[in-house]
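This report refers to the structure that appears directly beneath it.
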Amino acid sequence: MRIRIALTAALLVAVGIPAALVAAVGDSTAQAKLALAVADARFGTAKYVDDLARAKKDGYVVITRHIPSMGWHFLNPKAPDFNPSRPQILVYIKRGSRWQLGAVEWVFPEKPAKTPVPGATYGSFPAACHYIDGTFAFADAEADCAVTSPETGANFGFWHPLLVTLHMWVWYPNPDGLFAGTNPLLKLFDKKA
């Protein structure tokens, strides 16, 4: 049993999960569930790591332009509520003309009663109007959304209420943790976005 626990912990650290998080998750069953969720997310999104065109072909559309210390968000409206191998949102980092997948994300109308991934922590995104070019404007109700983006003139796409977010930085290291909402290593890209 101790060998199994040690191997599970080693696997989690090997895929980039900090040892402190592995220890915090606790028992080997929870560690195994976390390892499987990370592996599923990586296997399910490996084809998108440096191929944004393929992600778009598979139904992902831009919903935010660059958000500092986070990246550009692309939503697949047909993705299931929570499935590690088919995330609702792909978070890309743009460097010049190249794109790299950094994180995957899911959104919920409220914090899940039962965490879908052991050790998960949550963030939030305020109610907002999203436009087809990735610009967005915060608004408490869809009726408050402009027909076109106040910033660029792009057509309205959709509105959503306050959302609970769950990030997993499965493709870009994050010293703040696997589930952190932002990544301090991306500050370098904030000036160039």
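Find the residue count for the range 33-47, including only residues that are over 16 Å from residue 167 (Cβ atoms) and surrounded by 21 or more Cβ atoms within 10 Å (Cβ to Cβ). Give the steps one after another, and end with the answer.
Our first condition is that a residue be over 16 Å from residue 167 (Cβ atoms); within the range 33-47, this holds for 33, 35-36, 39, 43, 46-47.
Among the residues that remain, those that are also surrounded by 21 or more Cβ atoms within 10 Å (Cβ to Cβ) are: 35.
The qualifying residues number 1.
Just to be sure I understand, how many residues within the range 47-86 are assigned to a helix (DSSP H, G or I) and either out of contact with any Leu (no Cβ under 9 Å at 6 or more places or on another chain) or among the hydroxyl-bearing types (Ser, Thr, Tyr) (or both)? Step through it out loud before you land on a result.
First, pick out the residues of the range 47-86 that are assigned to a helix (DSSP H, G or I): 47-48, 52-57.
Cutting the leftovers down to either out of contact with any Leu (no Cβ under 9 Å at 6 or more places or on another chain) or among the hydroxyl-bearing types (Ser, Thr, Tyr) (or both) gives us 47-48, 53-54, 56-57.
Summing the residues that are assigned to a helix (DSSP H, G or I) and either out of contact with any Leu (no Cβ under 9 Å at 6 or more places or on another chain) or among the hydroxyl-bearing types (Ser, Thr, Tyr) (or both) in the range 47-86 gives 6.
Note down all Cβ pairs under 9 Å where the first residue falls in the range 123-142 and is over 17 Å from residue 164 (Cα atoms) and without any contact (Cβ under 8 Å) to a residue 40 or more places away in the chain, the second is of a type in the set (Asp, Glu) and assigned to a loop (DSSP other than H, G, I, E, B), and they're at least six residues apart or on different chains.
If the second residue must be of a type in the set (Asp, Glu) and assigned to a loop (DSSP other than H, G, I, E, B), the pairs left are 131/151; 137/151.
Looking at the range 176-193, which of the residues that are surrounded by fewer than 17 Cβ atoms within 10 Å (Cβ to Cβ), touching a residue at least 40 places away in the same chain (Cβ under 8 Å) and not hydrophobic (A, V, I, L, M, F, W, C) is farthest from residue 110 (Cα to Cα)? Break it down stepwise before answering.
Applying the first criterion (surrounded by fewer than 17 Cβ atoms within 10 Å (Cβ to Cβ)) to the range 176-193 yields 176, 184-185, 187-188, 190-193.
Imposing the further condition that a residue be touching a residue at least 40 places away in the same chain (Cβ under 8 Å) reduces the set to 184, 187, 190, 192-193.
Subset that is not hydrophobic (A, V, I, L, M, F, W, C): 184, 187, 190, 192.
Numbers: 184: 26, 187: 29, 190: 29, 192: 34 Å.
Result: 192.
With 134, 102, 153 as the choices, which residue is under 16 Å from the mean Cα position of the chain (by Cα), at pLDDT 95 or above and not in a strand (DSSP E or B)?
Working: 102 fails: not in a strand (DSSP E or B); 153 fails: under 16 Å from the mean Cα position of the chain (by Cα).
Answer to the selection: 134.
In the range 55-113, how many are farther than 18 Å from residue 133 by Cβ, in contact with a Phe, Trp or Tyr (Cβ under 7 Å, 6 or more places away or on another chain), of a type outside the set (Gly, Ala, Ser) and surrounded by 21 or more Cβ atoms within 10 Å (Cβ to Cβ)?
The number of residues fulfilling the criteria is 5.
The values are calculated or read from the model by the stated rules, or taken from the named source; none is laboratory data. Treat the numbers as computed from the prediction; the structure is a model and nothing was measured. All Cβ positions, glycine included, derive from the backbone under ideal geometry; neighbour counts span all protein chains shown.
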